[in-house]
Each structure stands twice: as structure tokens, then as C-alpha cells.
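The structure appears below as C-alpha cells.
The values are calculated or read from the model by the stated rules, or taken from the named source; none is laboratory data. All of these numbers come straight from a predicted model, not from anything done at the bench. For neighbour counting, all protein chains shown are included, and Cβ atoms are generated from backbone atoms with ideal geometry for every residue, glycine included.
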């Protein structure tokens with residue numbers, strides 16, 4: 001369950017990959033909902049998007065608690081200082097953006113009063129979410145998340161296919 005000196009433990013790996021898949025689903029569903037004109041379809045997508053967002057928030061909080069209270073990350077693989085700094089920066093920004101996205105999403109839904117329409121079947125049109133300030137931050141955060149996600153995945157693939165240093169295998173299930 002816990003990490004070793006050479007690889008991440010099952011709990012960390014599970015949280016990582018579950019979060020990655022959910023974030024991809026959130027980015028797709030969020031962009032899709034933003035482009036929808038048909039009210040019923042948009043409501044259906046948002047009724048999936050919101051619980052997925054809450055799930056990512058809970059997984060992120062669980063990950064932070066796990067690292068703080070129960071486990072230690074394995075030492076970094078040797079790399080140039082600039083890569084190490086970039087890696088730490090991207091990881092930190094991923095946490096910040098995830099928390100900001102959750103906050104802005106919750107604030108947008110709360111301020112708009114859309115929750116009963118999306119989940120309660122209350123009649124009425126969805127509000128124009130763009131009228132609420134947190135919606136702008138949510139949209140900016142989504143684009144920043146895409147950039148960070150691509151940087152993170154690109155670096156992992158670079159280490160796996162070009163450097164062949166075992167970095168990606170450290171964040172996978174099973175033995176190295």
C-alpha cells in the first residue's frame with residue numbers, strides 16, 4: 001500500500017490514475033457542456049460533470065492527507081536541476097488548479113442556484129453561468145489544466161520512451 005524507495009505505493013498509484021481519468025472526463029464534459037445549446041442535454045452533462053468534479057476534489061484532498069500523514073514519496077530520479085524544478089512546479093500547479101477549479105465550480109453552481117434544476121428536476125431554464133464571476137476563473141482554470149496535463153503527460157512519456165529511466169513504471173501497479 002505504501003511507497004518504497006523505488007516506486008509509489010498502491011494507494012498513491014490508484015489515486016493518481018483515478019484522478020487523471022476523472023480529470024480527462026471533466027475536461028471533455030465541461031467543454032462539451034459549454035458548447036451545448038439544448039437545455040436538457042446540457043443539464044444531463046452537468047449532472048455528470050459536477051459529481052465527477054467533487055470526486056476529483058475528494059481524491060485530491062485524500063492524496064494530500066495521505067502524503068502528509070501516512071506515506072512518503074520515493075526520492076526523485078536524478079535529472080538536471082531545471083527539470084527537477086519544472087517537475088515540482090508543474091505538480092504544485094496541478095494541485096493549485098485542481099483546488100481552484102473545484103472552488104470556482106462549487107461557487108458558480110451555488111451562486112447561480114442551478115443545483116435544483118440540475119439534480120432536483122426543478123422546472124426552469126439553466127442560468128447563464130457566464131453571469132457569475134467564478135465561471136470565468138473556471139474556464140481559465142480548464143485551459144491551464146489542459147496545458148499542465150499535457151506537460152505532465154509529455155514529461156512522463158519522454159522519460160518512458162526517450163530516457164528509459166523507469167520513471168513511469170514507478171507510478172504504475174505491480175513490481176518494477
Within the set of pairs 6 or more residues apart or between chains, which connect a residue that is in contact (Cβ under 8 Å) with a residue 60 or more places away in the chain inside segment 65-88 to a residue that is exposed (fewer than 10 other Cβ atoms within 10 Å of the Cβ) with Cβ atoms less than 9 Å apart?
74/5; 75/5
Find the residue count for segment 116-129, including only residues that are surrounded by fewer than 13 Cβ atoms within 10 Å (Cβ to Cβ) and in contact (Cβ under 8 Å) with a residue 12 or more places away in the chain.
1
For segment 105-115, which positions are surrounded by fewer than 16 Cβ atoms within 10 Å (Cβ to Cβ) and touching a helix residue (DSSP H, G or I) at 6+ places or on another chain (Cβ under 6 Å)?
115
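Could you look through segment 130-139, keep only residues that are modelled with pLDDT of 95 or more and part of a helix (DSSP H, G or I), and pick out the one that is surrounded by the most Cβ atoms within 10 Å (Cβ to Cβ)?
It comes out as 138.
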Quick check on my filter: what residues within segment 30-39 are over 14 Å from residue 101 (Cα atoms) and surrounded by 12 or more Cβ atoms within 10 Å (Cβ to Cβ)?
32, 33, 34, 36, 39
Top-ranked residue in segment 89-100 [being surrounded by 12 or more Cβ atoms within 10 Å (Cβ to Cβ) and free of Cβ contacts under 8 Å to residues at least 60 places away in the same chain; ranked as farthest from residue 165 (Cα to Cα)]:
100
Residues satisfying the stated conditions in segment 1-23, i.e. touching a residue at least 40 places away in the same chain (Cβ under 8 Å), loosely packed, with under 15 Cβ neighbours inside 10 Å and more than 15 Å from residue 62 (Cβ to Cβ)
4, 5, 6
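Taking the residues in segment 140-169 that are over 20 Å from the mean Cα position of the chain (by Cα) and assigned to a helix (DSSP H, G or I) as candidates, determine which candidate is surrounded by the most Cβ atoms within 10 Å (Cβ to Cβ).
Selected residue: 159.
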Tell me the residue from 54, 45 that is touching a residue at least 12 places away in the same chain (Cβ under 8 Å), buried (at least 16 other Cβ atoms within 10 Å of the Cβ) and farther than 16 Å from residue 168 by Cα, please.
45
For segment 62-81, check the following and say yes or no: at least one residue is under 26 Å from residue 162 (Cβ atoms) and assigned to a helix (DSSP H, G or I).
yes
